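Asks: Let me give you the structure first, and then I'll get to my questions.
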Amino acid sequence: AGVSVGPDGATHQAIEDMAIMRVIPNMVVIAPADVHEARKATLAAAKYDGPVYFRLGRSATPVVTTPETPFEIGKAQVMYLRDAAHEQTVGVVVTGSLLFNAIKAAEELNAAGIGASVLHMATIKPLDTEALLSFANEHKTLVTVEEHQITGGLGSAVAEYLSSVRPTKIARVGVKDRFGESGEPDELISHFGMDVPAIVAAAKEVIG
């Protein structure tokens, strides 16, 4: 899924799949971050009584979690915690293989004096609204990051929920209403504005 399918181009790049799957009743949507999380999600899905959609990529993915990192369907995890000394704060909400980029961006932001944390939502549906609300309450602004169209996926799910309980200024990082293109995975991630510099720039912009 995503543009990281690479040279096969737009015909093979699923960048609207989460939006499609989210609207199917009772469908669980999971985007694992790496090999360890994919294995645990597969085992959890085997025990789950209902349909589950997995979002997996083809290219090599940086390993961020460990075999011991907990996984539960419908539960999000804070994967990077901001420096509490920083006055300006931004929460980065991410799903799937871009977790690595989100953490690297948060490290850069903290080094620049902006308190950035990372919440990984491996499950897009059902959304962990309790964790999301708590995370939003701890940060002045949010950035969502996904290898998907910014419409209909994680960013939309986050905005839909928070708009009804805690209106929050949100910047969405992802594919912006474009078709996929051919290229190497890393080139495409950069081309479509989902690399570390793009996440850092979005965070700084949303903070204002």
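Asks: Say each of GLU160 and SER134 gets a label point 7 Å from the Cα, pointing the same way as Cα to Cβ; how far apart are those two points in nm?
Replies: Reported label-point gap for GLU160 and SER134 is 2.3 nm.
Asks: Let me ask something additional. Which chymotrypsin sites (Phe, Trp or Tyr not before Pro) does segment 1-103 hold that lie in a coil by DSSP with at most 15 other beta carbons within 10 Å?
Replies: Details: sites: TYR48, TYR53, PHE54, PHE71, TYR80, PHE100; in loops: TYR48, PHE71.
Passing sites in segment 1-103 are TYR48.
Asks: Turning to a different aspect of this structure: Given H placed on each backbone N at 1.01 Å, which residues far from TYR80 in sequence or on other chains put an amide H within less than 5 Å of it?
Replies: VAL118
Asks: May I pose another question? Grab the Cα-Cα distance for LYS75 and ALA111, subtract it from 0.36 nm times how many residues apart they are, and report the gain in nm with one decimal. Please report the intermediate quantities before stating the final value.
Replies: Numbers: separation 36, 0.36 × 36 = 12.96 nm, distance 2.87 nm.
Using 0.36 nm per residue and subtracting the Cα-Cα distance, I get 10.1 nm.
Asks: Local charge sum around PRO67 (other residues, Cβ-Cβ under 12 Å, Lys/Arg +1, Asp/Glu -1)?
Replies: Value of the local net charge: -1.
Asks: Hey, what did segment 3-207 get for relative contact order, percent, Cα under 8 Å, at least 6 apart?
Replies: That works out to 27 percent.
Asks: What residues qualify as long-range amide H neighbours of VAL93, i.e. H under 5 Å apart, gap of 5 or more or another chain, H built at 1.01 Å from N?
Replies: Residues meeting the amide H criterion: LEU119, VAL143, THR144, VAL145.
Asks: A follow-up question, please. Please report, in debye to the nearest 20, how large the charge dipole of the chain is about its Cα centre when each Lys and Arg carries +1 at its beta carbon and each Asp and Glu carries -1 there. Mind dumping the intermediate values first?
Replies: On the way: 17 positive and 25 negative charges, 91 e Å.
With only Lys, Arg, Asp and Glu charged at Cβ, the dipole is about 440 debye.
Asks: GLU68 to HIS12: extension gain in nm, 0.36 nm per residue of separation minus the Cα-Cα distance?
Replies: Computed gain between GLU68 and HIS12 is 16.8 nm.
Asks: Which peptide among 19-25, 101-107, 89-95 comes first, and what is the full order, when sorted by highest mean count of other Cβ atoms within 10 Å?
Replies: Ranked by mean Cβ neighbours within 10 Å, highest first: 89-95, 101-107, 19-25.
Asks: A follow-up question, please. List the trypsin sites (Lys or Arg not before Pro) within segment 142-206 that fall in a DSSP loop (any state other than H, G, I, E or B) and whose Cβ has at most 13 other Cβ atoms within 10 Å.
Replies: LYS176, ARG178
Asks: Can you tell me how much longer the chain between LYS176 and ILE20 gets when fully stretched, taken as 0.36 nm per residue apart minus their C-alpha distance, in nm with one decimal?
Replies: Once the chain is fully extended between LYS176 and ILE20, it gains 54.5 nm.
Asks: Another one. Would you please classify the overall shape of segment 122-208 from the alpha carbon gyration tensor, given that a ≥ b ≥ c denote the square roots of the eigenvalues, rounded means a/c under 1.5, and beyond that prolate means a/b larger than b/c while oblate covers the rest?
Replies: prolate
Asks: Expressed as a rounded percentage, what relative contact order does segment 12-111 have, with Cα pairs under 8 Å and six or more residues apart?
Replies: 31
Asks: Taking the Cβ of VAL206 as the centre, find all other residues whose Cβ is under 13 Å away and add up their charges (Lys, Arg: +1; Asp, Glu: -1).
Replies: For residues surrounding VAL206, the net value is +3.
Asks: If you put +1 on each Lys and Arg Cβ and -1 on each Asp and Glu Cβ, how big is the dipole of segment 87-188 around its Cα centre, in Debye rounded to 20?
Replies: Working: 8 positive and 14 negative charges, 85 e Å.
About 400 debye.
Laboratory data are not the source of any read-out in this text; all were calculated from the coordinates shown. Since the model is a prediction, treat every value here as computed from it, not as a measurement. Every residue, glycine as well, gets a Cβ built from its backbone with ideal geometry; the counts of neighbours run over all protein chains shown.
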